[in-house]
Every structure is written in C-alpha cells, then in structure tokens.
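A quick write-up on the structure given underneath.
The values are calculated or read from the model by the stated rules, or taken from the named source; none is laboratory data. Note that the structure is predicted; figures quoted are calculated from it, not measured. Note that we place each Cβ from the backbone using ideal geometry, even for glycine, and neighbour counts take in every protein chain shown.
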Amino acid sequence: MTLIDRCRRGEVDPIVKEAAAKENMSAGDLARRVAEGKAVIPRNRARSFKAEAIGEGLRVKINANIGTSSLDSSLKNEIEKLHCAVRYGAHSVMDLSTGADHREVLARVLEESPVMIGTVPLYAAASGGAKFDRDSLFRQIEAQAKAGVDFMTLHCGLTKSALEQYDPSQRVTGIVSRGGALLARYMKTNGCENPLYEEFDWLLDIARTYEITLSLGDGLRPGAGADSLDTLQLSELCILGSLVRRAREAGVQVMVEGPGHVPMNEIGAQIALQKKICDGAPFYVLGPLVTDSVPGYDHIAAAIGGAIAAWHGADFLCYVTPAEHLTLPDLEDVREGVIASVIAARAAEVARGYPAAISRDRRISEARKAFDWETIFSLACDPDGARAKRKKTDSAQMCTMCGELCAMRH
C-alpha cells in the first residue's frame, strides 16, 4: 500500500505528520492534498530522512542539480556540492551523473544526503555512449529505485506521433532536454514508440513497489524564449496530463516538470495551463529563465522567472547556476544558484501571503530598526555572507554607507 492509498483510507501517516509540521498545517489537511494528488511527499521506502511536501498551498521548495560528466568527474567534488546545496537551503538534490563513476556517486549521495534525492535514470542508461534499449532502461530504473532514489524524472510524454510532427526549422534551439534528445534519437533509429510511454504500466508497478514519486519530464520543453508555448510543448503537456491521471489511479505520487526558458509575460499562462491540464499536480520548473542573453548570470534570470512562476503557483524550483550553458558547476556556482532560488522562493511566499514568510520579513525589518545585527544574520538567506560583509565596518551600529546620516539613527 502506497502513501496515496493510506491517505485515501483516512490514515494519517507519520511521514505526513512530519511534513505537515514543517508547513505549520494540520496533518489531515496535508493528507487530503496527497490523496487528491495536489501534493507529494517523495521518500523511498528504503530511506529515512525528514520528509518534505511539495504542492498546493505549501512552502516553495528548491532543488539543486549535481553530478559528474564524461568530461569532468570527481566524487569528492560532488559530495561537497551536495552538502553545500543543503547548507544553503536546497530541499532536494538531483544526481545527474553521467561519468564512468555514476553508480559510485549515486551510492555515496544516497548515503550522505539528509534530503530527498532525484535522478534521471535515462542518463545512467546512456552514460559513456552506451546504446540502451527498453529492457536496459527499465533495469536501470529498478536498480535506482532499489538503491533508494526518492523521485525520478522520466520523459514519458514524448511520443512517436509528436516526434513525427516535429519540424526542426520551426524551433530556434530544437530539442534541448538531454532525456528528450536521447529518446528521440532512440525512437528514430529504431522506428519505435517511447518505451517510457508504451510501458507506463510497468513504470507504475516499479514506482508502487519502492514508493517512487514520478516527475514527468518535459522532453520537448522550449530551450529559448522564442520557442515558448509552441505546439510541440503544448502537445506533450496534454499527454502528461493523461499520465498524471493514470498514475493517481495506480496510487503513485506524481508531479510535472515545466519549461526552462519563458518570457516574463508568458509565465502566468504557462503555470495556469499546466495546473489546468494536469489537474493541479505539483509543478516543478527549471528557472524559468526570462532572458537568454545573460550567460554567466543565468542564475539571476532564473531567480526572476522562478519568483514569478512560484507567485503564480509553481511549487518546486530547480536552481540554475552561473555556469548554466557554459560548464559543469563548481562549489561556488552551486552556492550562488541555491541562494538565488531561495531569494525567488522567499519573494513568492511573501506575495502568496504565507504568514511565516511575512513574519520573517517583518522580524528582519524590526531588527534593522534596532541595529540588531545577530537577528538580521540569523534570518538572512546567507548568514555567512551577510556577516562577512558586516565585518568590513568598524561601526558598532551604523553601516558605512550612510554613516552619521543614518535615517534610522536620527
């Protein structure tokens, strides 16, 4: 029996109680949202950590991506990134390793992580240029489920019919999802249907067995603002909506992933469409980036988009680092990416009217009025950074910007 099954029977699971306490809401209220599919609590049966809920009416959650590649691989570095991401506010970490050491990295990440862990099993199946097929892909999915992965991104909505309609000349950047591109190549080479779509019931059986939350990936997402809301993206979204309903009927928790490049004026429409078509399933967005022209500063573009998206109802923000589109993120990139997403989430929570968020902002404002620096640091999204900046001044009270002309002092 899965968590959804227990919630539908009226049981208040300890996991639900734990997650509800963090939201300052009743366990019964959260259990109802899980039963309806409006919230998910990703946690594999094999793992034990403090559960977090994602979804309607809850705090905005943040994910950080880490992982080796075939060109840059260091287990030590990825473990450091894991702990850095959690320290600065990530509620989950996805291990996207594709290097030769991907199995070892995932094992260590699962062993050391105090938060939920996600993966894209297709990456591991295709790592090192390996030619995957249906059976090897599903073996990888089950192996990662057995290892303890809490949620998986699976590009189930990229169908053969959609691929047949795809015209590369109508998109600036084509298919930018790694998972989507790998599947598209496999389907065209073999003249077959997407195995994740065709064998969705098999996938549901694995998810039920290990209590895996499915994160339905958007393999046809726009990779440029100019491609946002095109027919290819929308056709995939409709398929994902039907798969959401099948997962819920099977008692499997499910959320839906959203686009990474969206102009500011289209973000509200993107969120509304997803929530409508996918019946209120939790929405997980990469950014989104509101402009394509700031390489090296994409974390700022993503924070702007993430704040707007969360204000309009997105539930889960995947961070973007300054290294996006340029290179594998290092430790400082991870820190900056997480902090940018935390700022986006905090801004959205205030706009949503969450009492805890409004109270936090009021408390830090009162601390500024009182020159209570320790309280300011304790409430800051980056206490270490704020404290380091403050140490640059010798003044016991005022900052060095206004000095004797400090308005609050007068």
Among the residues that make up segment 98-112, is at least one of them in contact with a strand residue (DSSP E or B) (Cβ under 6 Å, 6 or more places away or on another chain), buried (at least 22 other Cβ atoms within 10 Å of the Cβ) and either not β-branched (Val, Ile, Thr) or not assigned by TED's automatic domain parsing to the domain that holds residue 205 (or both)? yes
Out of segment 295-350, which residues are part of a helix (DSSP H, G or I), of a type outside the set (A, V, I, L, M) and within 13 Å of the chain's Cα centre (by Cα)? 306, 337, 341
I'm checking my understanding of the structure. Among residues of segment 385-410 that are more than 26 Å from residue 335 (Cα to Cα) and in a helix (DSSP H, G or I), which one is modelled with the highest pLDDT? 405
Pick from segment 12-24 the residues that are within 23 Å of the chain's Cα centre (by Cα) and in contact (Cβ under 8 Å) with a residue 12 or more places away in the chain: which of them is surrounded by the most Cβ atoms within 10 Å (Cβ to Cβ)? 16
Regarding segment 125-140, can at least one residue be identified that is hydrophobic (A, V, I, L, M, F, W, C), modelled with pLDDT of 95 or more and in contact with a strand residue (DSSP E or B) (Cβ under 8 Å, 6 or more places away or on another chain)? no
Per the list (1) buried (at least 21 other Cβ atoms within 10 Å of the Cβ); (2) at positive phi, residue check on residue 229 breaks on (1)
Among the residues of segment 237-259 satisfying the criterion of being charged (D, E, K, R) and surrounded by fewer than 23 Cβ atoms within 10 Å (Cβ to Cβ), which is farthest from the chain's Cα centre (by Cα)? 249
Against the definition (surrounded by 16 or more Cβ atoms within 10 Å (Cβ to Cβ) and touching a Gly at 6+ places or on another chain (Cβ under 7 Å)), how does residue 217 come out, yes or no? yes
Within segment 285-294, take every residue that is modelled with pLDDT of 95 or more and part of a loop (DSSP other than H, G, I, E, B) and give me the one that is surrounded by the fewest Cβ atoms within 10 Å (Cβ to Cβ). 293
Within segment 304-314, does at least one residue satisfy the condition of being surrounded by 22 or more Cβ atoms within 10 Å (Cβ to Cβ) and touching a residue at least 60 places away in the same chain (Cβ under 8 Å)? yes
What are the residues in segment 151-178 that are under 19 Å from residue 242 (Cβ atoms) and assigned to a helix (DSSP H, G or I), if any? 160, 161, 162, 163, 164, 165
Among 208, 185, which is the only one that is in a helix (DSSP H, G or I) and without any contact (Cβ under 8 Å) to a residue 24 or more places away in the chain? 185
From the residues in segment 157-190 that are of a type in the set (Ser, Thr, Tyr) and either touching a Lys or Arg at 6+ places or on another chain (Cβ under 8 Å) or within 19 Å of residue 256 (Cα to Cα) (or both), which one is modelled with the lowest pLDDT? 177
Residues located in segment 358-384, provided they are in contact (Cβ under 8 Å) with a residue 24 or more places away in the chain and not in a loop (DSSP other than H, G, I, E, B): 368, 369
For residue 124, work out the one condition from (1) assigned to a helix (DSSP H, G or I); (2) aliphatic (A, V, I, L, M); (3) within 16 Å of residue 52 (Cα to Cα) it doesn't fulfil. (3)
Of the conditions (1) crowded, with 20+ Cβ neighbours inside 10 Å; (2) under 20 Å from the mean Cα position of the chain (by Cα), residue 197 fails just one. Which one is it? (2)
Go through segment 231-269 and report how many residues are under 28 Å from residue 3 (Cβ atoms), part of a helix (DSSP H, G or I), among the polar types (S, T, N, Q) and in contact (Cβ under 8 Å) with a residue 12 or more places away in the chain. 0
Right, residue 136: polar (S, T, N, Q), in a helix (DSSP H, G or I) and either surrounded by 22 or more Cβ atoms within 10 Å (Cβ to Cβ) or without any contact (Cβ under 8 Å) to a residue 24 or more places away in the chain (or both) or not? yes
Near pairs, Cβ below 7 angstrom, 6+ apart or cross-chain, from segment 64-90 (surrounded by fewer than 20 Cβ atoms within 10 Å (Cβ to Cβ)) to any residue that is polar (S, T, N, Q): 69/98; 70/98; 74/68
